[in-house]
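The values are calculated or read from the model by the stated rules, or taken from the named source; none is laboratory data. Remember, it's a predicted structure, so these values are computed and weren't measured experimentally. Because the Cβ atoms are built from the backbone with ideal geometry, glycine has one as well, and the counts that use them run over all protein chains shown.
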């Protein structure tokens, strides 16, 4: 499928990750390099999932209430009783702050990014029952263009994510050209309009994570079930990353703190 590059994307070259690795296998590293993603099962245990869900619940409820009161019952890409985005939860919850620097994510950062890594973004994305709209094909770096372009997304399933309730879909190898041109639609920024034969579903059980590059084109399908599909997304960038349009460094002290420095885990600052 023909695609255009983002106007800021000049001379991008994918840098392959290489061992030795602390957490991932060589097969997972190969998949990340060639296909741009892998699924990591059992990243979190049931107790940690329950704590995360409890920590998110009151803040997501406030977001849902705001959406219901908003004109048209929506704000940008969020929609009441449809899909909610509860952002910067690490500014509100010590539980989620500690989760963002849990050993599994620290190891993934060291294996896939390098020795000096900060949390870049966190958000809970809840897709409500019988919400038939997909979330369209996009790259995370297509929303806010960051350099280096390739940072890390950990899409953590708090409930089982299936093809029926809106699991991620990916385009294997779609990360290799860097950030693509996006256009704005009612449902969000879009880098491709059709699945194409190469599109692949990435279902994941509760507690697992779909681990992918910020350059991976991905989407999620509709939720055709009676339950809320719950996900918590953690994104990590190398120290020194900057937002291109504003030239702002990605180092906000209240939420973009180090999780790895000099190859060692860094405990997040307390609230």
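Is it true that residue 40 is closer than 30 Å to residue 224 by Cβ, modelled with pLDDT of 95 or more and within 20 Å of the chain's Cα centre (by Cα)? Considered against the rule, which asks whether it is closer than 30 Å to residue 224 by Cβ, modelled with pLDDT of 95 or more and within 20 Å of the chain's Cα centre (by Cα), residue 40 comes out as yes.
When 49, 24, 56 are screened for being within 19 Å of residue 208 (Cβ to Cβ) and not in a helix (DSSP H, G or I), only 24 passes. Residue 118 satisfies every condition listed in (1) crowded, with 17+ Cβ neighbours inside 10 Å; (2) within 15 Å of the chain's Cα centre (by Cα); (3) closer than 17 Å to residue 156 by Cα except (3).
Condition test on residue 169, is it under 14 Å from the mean Cα position of the chain (by Cα), surrounded by fewer than 22 Cβ atoms within 10 Å (Cβ to Cβ), on the phi < 0 side of the Ramachandran plot and in contact (Cβ under 8 Å) with a residue 24 or more places away in the chain?
Working: under 14 Å from the mean Cα position of the chain (by Cα): yes; surrounded by fewer than 22 Cβ atoms within 10 Å (Cβ to Cβ): yes; on the phi < 0 side of the Ramachandran plot: yes; in contact (Cβ under 8 Å) with a residue 24 or more places away in the chain: yes.
Against the criterion (under 14 Å from the mean Cα position of the chain (by Cα), surrounded by fewer than 22 Cβ atoms within 10 Å (Cβ to Cβ), on the phi < 0 side of the Ramachandran plot and in contact (Cβ under 8 Å) with a residue 24 or more places away in the chain), residue 169 qualifies.
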